1. For Phe168, Phe100, give the ranking by accessible area with the largest first, probe 1.4 Å.
2. Taking the Cβ-Cβ separation of Ala108 and Arg45 as r and a Förster radius of 25 Å, what is the calculated FRET efficiency to the nearest 0.05?
3. Using a 7 Å offset from Cα along Cα-Cβ at Ser156, what residues in the stretch 258-284 end up with backbone N under 20 Å from the label point?
4. Given a cut-off of under 8 Å on Cα pairs at least six residues apart, what relative contact order in percent is computed for the stretch 243-308?
5. Please give the per residue accessible area of the chain, computed with a probe of 1.4 Å over protein heavy atoms only, in Å².
6. Run the paramagnetic zone check for Ala363: 7 angstrom along Cα to Cβ, then residues of the stretch 285-310 with backbone nitrogen under 19 Å.
7. I need the shape label for the stretch 1-113. Rule: rounded when a/c is under 1.5, else prolate if a/b > b/c, else oblate, with a, b, c from the alpha carbon gyration tensor.
8. I want to check the label-to-label distance for Ala322 and Glu388. Put each point 7 Å from Cα in the C-beta direction and report it in nm to one decimal.
Amino acid sequence: MARILVVDDEMGIRELLSEILRDEGHDVTLAENAAAARNARLAARPDLVLLDIWMPDTDGITLLKEWASGGQLTMPVIMMSGHGTIDSAVEATRIGALDFLEKPIALAKLLSSVKRALIRSAPAEQRPAAPSLAGVTRSGALRDLRRRLEQMASRSRIIMLRCGPSSFAELAARTLAVPGRRWIELAGIPGAITQEQLDAARGGVIHAGDIGTLSRMQQKNLAFAVDRLERLDAKLIASCAQPLAELQAAGGWDDVLLSRLFDVVLPLPTLAELRDEIGDLADDVLKHLADAGEIPVRALAESTRPLLRQHPWPGGYGELVAALRSAALATLDDDLDASALRALLRPAGNAALPGLNQPLRDAREAFERLYFEHHMEREGGNMTRLAERSGLERTHLYRKLKQLGLPVGRRTEHQD
């Protein structure tokens with residue numbers, strides 16, 4: 001496991017953190033002040049430092065600045081404080097600290113921060129694989145999409161993913177990542193790409209992202225990479241939310257390059273068209289976020305699946321990931337239930353009628369959800385008044401609310 005240096009002037013805190021981290025299998029070194037921390041950093045070469053801010057000789061912020069200015073901030077640092085302020089946290093982050101823990105430190109928060117720090121500092125080949133369609137194993141539609149993508153990749157070095165804005169194009173593209181081989185983000189290279197950078201992608205994948213967002217320099221990099229794919233034995237995966245005619249009309253693009261990019265095209269469905277698959281995608285997102293140390297381990301409650309299926313997802317896959325991350329960090333339960341997500345997914349302003357282009361089942365469920373949410377809020381969660389308002393018998397009402405993933409107002413039952 002990792003070598004961790006704990007720096008704190010309070011013996012009790014040092015011993016407690018040491019016991020917790022050693023139980024997790026880590027090798028822990030302790031330092032009671034900044035002077036001891038300097039020596040321990042040189043001797044132990046830790047993979048991670050937990051650094052207290054308030055110490056008698058030199059405070060943690062000053063020590064962090066010292067390491068940063070001296071080129072010694074080669075490991076992630078998590079700051080700790082019993083009376084920290086937002087200003088302290090901001091300053092520590094600006095200098096280079098990865099996280100800030102406020103004492104008393106909750107066990108789950110400690111372990112989550114340590115895990116996230118160690119993952120981010122690990123070599124790329126040791127980090128958890130990015131999400132891809134390979135991780136979604138229960139959805140027949142997404143399995144078929146993955147097979148079509150792999151079949152096309154076996155015959156062509158270039159694949160264009162046609163998609164709408166905010167789609168899950170990168171999730172699909174990541175399916176073609178080769179274990180042990182490089183994945184190059186072309187859009188992440190601001191200047192002119194070099195042959196050395198391309199050589200790093202030999203046998204791997206070059207991901208161009210949405211070509212409609214590329215700068216002129218990045219378009220030149222794309223053309224440079226396309227011309228060398230055969231020699232590199234590499235694949236190039238791109239996506240585009242615009243029709244080809246719009247790109248050509250906008251100008252600036254080489255027609256020969258566009259012709260090569262659009263020679264093999266795979267249209268991607270939107271999340272709204274994959275309503276029955278959203279739960280499986282959500283399961284995979286939660287697993288990846290937990291593996292990466294970004295959230296505690298969370299499981300998707302069955303009551304949440306109808307809510308995910310009925311939401312229109314105007315922000316696409318990015319909206320799904322952001323909503324799940326926020327809800328998982330905010331909930332205190334192991335299961336992520338509908339109540340944790342509902343406020344994040346509620347549209348601004350008055351709720352609109354369900355889309356008439358939905359299948360009848362989805363439109364009916366969406367309307368029922370809007371109906372019961374409206375009357376539950378109006379009746380303050382009182383089940384007796386809600387049953388009277390809806391004309392449903394109590395047992396039937398409870399069953400319907402559970403089916404829709406809505407909370408039952410037990411906390412207001414005393415008002416009946």
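1. Numbers: Phe168 5, Phe100 40 Å².
These residues rank, largest area first, as Phe100, Phe168.
2. Numbers: r = 28 Å, r/R0 = 1.13.
The computed FRET efficiency comes out at 0.30.
3. Output list for this probe position: 258-270.
4. Working: 22 pairs, mean separation 15.1, N = 66.
Worked out over the stretch 243-308, it gives 23 percent.
5. Details: 21210 Å² over 416 residues.
Spelled out: the 1.4 Å probe surface of the chain, per residue, equals 51 Å².
6. Correct set: 309-310.
7. Values: a/c = 1.38, a/b = 1.12, b/c = 1.24.
Judged from the Cα gyration tensor, the stretch 1-113 comes out rounded (a/c under 1.5).
8. If labels sit at Ala322 and Glu388, their model points lie 4.2 nm apart.
The values are calculated or read from the model by the stated rules, or taken from the named source; none is laboratory data. Bear in mind that the values here come from a model prediction, so they are computed numbers and not experimental data. In this analysis, Cβ positions are derived from the backbone assuming ideal geometry, glycine residues included, and neighbour counts consider all displayed protein chains. To get the accessible areas, we keep the full protein, side chains included, count just its heavy atoms, and leave off ligands, DNA and RNA. Shrake-Rupley method; radii C 1.70, N 1.55, O 1.52, S 1.80 Å.
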